[in-house]
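Student: Pasting a structure below so you can have a look.
The values are calculated or read from the model by the stated rules, or taken from the named source; none is laboratory data. The structure displayed is predicted, hence computed values, not measured ones. Cβ sites come from the backbone with ideal geometry, for glycine too, and all protein chains shown count toward neighbours. Heavy atoms of the whole protein, side chains included, go into the accessibility calculation; ligands, DNA and RNA do not. Shrake-Rupley method; radii C 1.70, N 1.55, O 1.52, S 1.80 Å.
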Amino acid sequence: MGAAAFCAGCMREKVLGAAAVGAPMQGVRLPKMDRVRLGIVGLGNRGLWALQRISAIPGVEIAAVADLHAGRVANAQKWRAENGHAPVPHAFSGPDAHRRLVDPALVDVAYVVTNWQTHVPIALEAMRAGCHAFVEVPAAFTVDQCWELVETSENTRRACMQLENCCYGEIEMLALNLCRKGLLGELVHGEAGYVHDLRSNFDWDLPNSPKAIGLDGDRQDFWRLDWNTAHKGNQYPTHGLGPICQYMGINHGDAFDHLVSLESNQFNLEAYAKAKYPADGWKARRKIAMGDMNVTLIKTAKGRSITLQHDVCSPRPYTRINTITGTRGILTDYPYRVAFEEKPGDGAAHAFFDEKKAAEIRKRHRHPMWEHAGPLAETVGGHGGMDFIMDLRWAYCLQNGLPLDTDVYDLATWCSVCELSERSVRARSKTMDCPDFTRGAWRTAAPFGVYDVDVAKMGFSREQLEAAAKGAMEV
């Protein structure tokens, strides 16, 4: 990605920002849907998991599926048949499969679970065809792409939501609840990240995938590795950043102002490949542009600060960090710990609460969605249940005509960090101004609330709820 392309994105943002006012898709109530017709685009690991989870939600009909590979479509249909569900009525495969799926006569929502590079074009096609677009992460990589999604959502009046499951984790939602109750005081600083050892990407062996260019004829799909080979900065920011933005009310009372980004050199990924694979093969010879550790610092309009990390190749335990501090205390994760003052300066937060008190706070302030739907989520699954909570919530919103929890402006703000952090790194950690995709509407927008779902109203039977409470329910 060249410097000229980066500059073009920022220039375009300034023109559009001056020409438009407000955020017309913020807080929009979509028409109530008694039956949500869903089309899943992409049936790899995440797509198949989504199909399995969503098949358990009453009032959501998986009306269509699409994938480049006919075998994946057949696998999805087989799972449906073997688990008591009718085969999906509209199943498409081939290079134009997604175009046949995004038809408002067939589906209301396109659920996009494809590789990163195809997220934006498929989401745009879906909205322009008349469907809402729910897009896996990251939904976009450049400022231009973010603006195009924003404008298309506004022009078509179709929702474009990022499927950020980590906003629905139990501890993340506990933190949101504590923030909204004021128990941490006025929020000051957040820390987030995505630290996940993905060196085994070099080991992938997917014989049914199309040949990747330049891989010596190996039939493997290295799209994620290819992206990290070419780019710097934080190219996967939203898992850690999304929840912090919700705590702080980014785009809902506060906004990103500017950021700086710095990263280490590349050490681990190249060393892993050289140690494990033949010296004359493409794996051992590949040069990786992305440094091991990227640290991005973000300053908000209200003077808060955010530290964001990205490291996908170091031998260290997984963490999203998930730390939020305020004038009264702190919640941090990996492992979960909490401390806050009852009165300013009482010294109660000089050390984290003991395990018993931390567990009591976790139980007493559990988010309502986890309180009411947690047993379902934990039995159906999906990253500990967060995926199911996410799907349950958007389904509940659509069925009841409620605004979705996040919108295209949140998507664009979180994803813009991909380009802005890379531009900063390549310019020796130069400060980058952050676009205001809401065009000033963040000043008056209502903050992220503490939402809930009524699982009985959604149509879950008493038997299902009792089975879930006993841990016996299956998708």
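Student: Using a 1.4 Å probe on the protein chains only, how many percent of the accessible area of the chain belongs to carbon and sulfur?
Tutor: Using a 1.4 Å probe with all protein chains present, the chain comes out at 52 percent carbon and sulfur.
Student: Given G169, P24, T307, which one lies farthest toward the positive end of the charge dipole of the chain, if we put +1 on the Cβ of every Lys and Arg and -1 on the Cβ of every Asp and Glu?
Tutor: T307
Student: Also, quick follow-up: Going by average Cβ density within 10 Å per residue, which order do the peptides 342-351, 141-150 take, highest to lowest? Display every interim value, and only then the final one.
Tutor: Working: 342-351: 10.3, 141-150: 23.2.
Top of the packing list down: 141-150, 342-351.
Student: By the scheme Lys and Arg +1, Asp and Glu -1, what is the net charge of all other residues having a beta-carbon under 9 Å from that of F92? The partial results should precede the final answer.
Tutor: Working: positive: R99, R100; negative: D67, D96.
Every neighbour counted, the sum reads 0.
Student: Then there is this: For the chain, what is the relative contact order in percent, using Cα pairs closer than 8 Å and at least 6 residues apart in sequence?
Tutor: Dividing the mean separation by the residue count of the chain yields 22 percent.
Student: Output the peptides 458-469, 158-169, 110-121 sorted from most to least packed, where packing is the average of other Cβ atoms within 10 Å over each peptide's residues.
Tutor: Output ranking for 458-469, 158-169, 110-121: 158-169, 110-121, 458-469.
Student: Per-residue counts of other Cβ atoms within 10 Å, averaged by peptide: what ranking do you get for 190-198, 256-264, 236-244, highest first?
Tutor: 236-244, 190-198, 256-264
Student: Hey, can you find the accessible area per residue of the chain for me, probe 1.4 Å, expressed in square angstrom? Please list the in-between numbers first.
Tutor: Details: 19390 Å² over 475 residues.
Each residue of the chain exposes 41 Å² on average to a 1.4 Å probe.
Student: Work out the P(r) tail for the stretch 115-193: percent of alpha carbon pairs separated by more than 16 Å, whole number.
Tutor: Considering the stretch 115-193, 59 percent of its Cα-Cα pairs are separated by more than 16 Å.
Student: Counting Lys and Arg as +1 and Asp and Glu as -1, what is the net charge of the other residues whose Cβ lies under 13 Å from the Cβ of A469?
Tutor: -2
Student: How large is the Rg to Rh ratio of the stretch 235-316 when both quantities use alpha carbon positions and Rh follows Kirkwood?
Tutor: So for the stretch 235-316, dividing Rg by the Kirkwood Rh gives 1.16.
Student: Continuing with this model, one more query. With no solvent and one point on each alpha carbon, what is the Debye value of log10 I(q)/I(0) for the stretch 84-128 at q = 0.20, 0.33 Å⁻¹?
Tutor: With no solvent term, the Cα-only Debye profile gives -0.68, -1.37.
Student: Separate question: Return the percentage of antiparallel bridges among DSSP beta bridges fully within the chain, rounded to the nearest 5 %.
Tutor: Looking only at bridges with both residues in the chain, the antiparallel portion is about 50 percent.
Student: Helix hunt in the chain: which complete DSSP H runs extend at least 24 Å axially by C-alpha with mean Kyte-Doolittle at least -1.0?
Tutor: Result, helices passing both filters: 3-19, 408-426.
Student: State to the nearest 20 debye the size of the charge dipole of the stretch 45-188 about its Cα centre, where the only charges are +1 on K and R beta carbons and -1 on D and E beta carbons. Don't skip to the answer; put the middle values down first.
Tutor: Numbers: 12 positive and 16 negative charges, 80 e Å.
Its charge dipole is roughly 380 debye.
Student: Quick one: putting +1 on the C-beta of Lys and Arg, -1 on the C-beta of Asp and Glu, what dipole do you get for the chain around its Cα centre, in Debye to the nearest 20?
Tutor: Result for the chain is approximately 300 debye, rounded to the nearest 20.
Student: At q = 0.06, 0.12 Å⁻¹, what log₁₀ I(q)/I(0) does the chain have when each alpha carbon counts as one equal point scatterer in the Debye sum?
Tutor: -0.26, -1.14
Student: For G329, which sequence-distant residues (separation of 5 or more, or a different chain) have an amide H within less than 5 Å of its own amide H, given hydrogens modelled in the peptide plane?
Tutor: E341
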